[in-house]
1. Go through 215, 228, 283 and say which Cα lies farthest out towards the positive end of the charge dipole of the stretch 214-286; charges sit on Cβ, +1 for Lys and Arg, -1 for Asp and Glu.
2. Under 1.5 on a/c is rounded, so check that first for the stretch 7-63, then, if it is not, pick prolate when a/b is larger than b/c and oblate when it is not; a ≥ b ≥ c are the square roots of the alpha carbon gyration tensor eigenvalues.
3. Taking amide H positions as placed 1.01 Å from N in the peptide plane, with prolines and chain starts having none, which residues 5 or more places from residue 72, or on another chain, fall under 5 Å of its amide H?
4. Ordering 249, 144 by how much accessible area each has at a 1.4 Å probe, largest first, what is the list?
5. Could you give me the ³J(HN,Hα) list for the stretch 20-35, computed from phi with Karplus coefficients 6.51, -1.76, 1.60 and θ = phi - 60°, whole Hz, x at Gly and Pro?
6. Which value, in debye to the nearest 20, gives the size of the charge dipole of the stretch 100-140 about its Cα centre, when Lys and Arg are +1 and Asp and Glu are -1 at the Cβ?
7. Please list 53-62, 229-238 highest first by mean number of surrounding beta-carbon atoms within 10 Å per residue.
8. What does the charge count near residue 64 come to, summing +1 for each Lys or Arg and -1 for each Asp or Glu among other residues with Cβ under 9 Å from its Cβ?
Amino acid sequence: MEDFKEFGLSEALVERLQHMGFEKPTPIQEQAIPLALEGRDILGTAQTGTGKTGAFGIPIAARIEENPESVALVMTPTRELATQVLKQLQTMLSRRTRDKVALLIGGDPMHKQLRQLRTVPRLIVGTPGRINDHLRRKSLKLSKADFLVLDETDRMLDMGFSEQIEDIINKMATPRQTLLFSATLPKNIVRIADTYLSNPERVEVGVTSAPAQNVKQEIVQVNDQEKYSTLISELEARSGTVIVFVKTKLGADRLAARLWEDGHKARAIHGDLPQKKRDRVIANYRSQKFRILVATDIAARGLDVPHIEHVINYDLPQNPEDYIHRIGRTARAGAEGHALCMIGPRDRGKWNAIDRLMNPDKVEPQKRRPGPGGKGKKRFGKGGPRGKGKTAALGKPARPAKGGFKKKRFSGKPKKQAA
Ligand code: ADP
Ligand code: MG
């Protein structure tokens, strides 16, 4: 595919895309856009950073432009993601429709949203909770909304939104076109798809349980006492923007404060911060006013900051699938990224679950041999030293990924030890 013109999009839309730096469609866009323009429902899975927002945003922009009656609704799991999606979609919309939008997210003042809703928006982006609030207050009607996107559906369901989502869908126009995107396809999503999609086309890019191809992954084994100092030396050894994942909100605050005291420009983001503060932190991070964002999983979900070069897992995620989402924060749209996992003595079980998810076809060793390293720090590159235990195989994709941007092999050499 040469460029976006071949989809039969309006010249003005193609120009706006060029303006955004979108010259060529990404693989998921190449598959999804023509189907969506034909009016098909889509069940889409793709790795993070593959351009899903454009895959549904471009058809929305085309539809809103062509059909003056059409109203599109996009649901996302988090407020940050909704904000980000709306921002990207607005730059795709024509000048006439650009301001006819509503952002319906929790934590934002109601009066602003009520004002937006009075303009009869053509595009509504929001989180299920707040959209439902508006439906209940009757400040929102969806009887004209005939285009639905469910973004990061697996996460919305994880967050307990499934009933709310169904209530919302039931209030929408029929017939309706629906695009469902998800990083993974567990049973509960298949059920939603069976119920709410009509004869969907399945669109898939890459192995759904594999992270972006161009993330270099490393692990470092640490004990509790050396954890923080290891983080410091890792931060000093790297250049570029970093996101550090931790388990708890309190942990995020504490770590960011400690880093700041030690001369590292770090800020925390988590679900307990007031919305205004969260917006400000993200905006400042995006404009590189500070280097290190210390985040909890929910707060960072879907975050698209192109200059993130390093993901450091200070704490392992509770849920192994979050690992894939975490490392998807780097290597956006084909850039190269790095991911480091700090593994403590009690993290074995969690780490094995991640490893199993990443390498589903891997043959289990008969008897577990001692892991690499044993005591103290030992690091190895992606390919790792062979036959030295489970973790050594980290990230070797079990199957070669279809699509993706550029493929890069990981060096099998053990990395030199950090000072
Ligand atoms: P996903 O939702 O799949 O994780 P995004 O839609 O957030 O990915 O896209 C990731 C990044 O790639 C964004 O910074 C986006 O602007 C960029 N991008 C998406 N499509 C294109 C394209 N066709 N050309 C260039 N950059 C793109
Ligand atoms: Mg996305």
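1. 283
2. In terms of gyration-tensor shape, oblate.
3. Amide H to amide H, under 5 Å and 5 or more residues apart or across chains, residue 72 pairs with 123, 124.
4. On the way: 249 90, 144 130 Å².
Final ranking, largest accessible area leading: 144, 249.
5. 7, x, 8, 9, 10, x, 6, x, 5, 5, 4, 7, 7, 4, x, 5
6. Details: 9 positive and 2 negative charges, 40 e Å.
With Lys and Arg at +1 and Asp and Glu at -1, about 200 debye.
7. Details: 53-62: 25.7, 229-238: 15.8.
Ranked by mean Cβ neighbours within 10 Å, highest first: 53-62, 229-238.
8. Details: positive: 63, 100, 122; negative: 65, 66.
Net charge in that neighbourhood comes out at +1.
The values are calculated or read from the model by the stated rules, or taken from the named source; none is laboratory data. Computed from a prediction, not measured in an experiment: that's the story for all the values here. Cβ coordinates were reconstructed from backbone atoms using ideal geometry, including for glycine residues, and neighbour counts include every protein chain displayed. Side chains included, ligands, DNA and RNA excluded: accessible areas come from the protein's heavy atoms. Shrake-Rupley method; radii C 1.70, N 1.55, O 1.52, S 1.80 Å.
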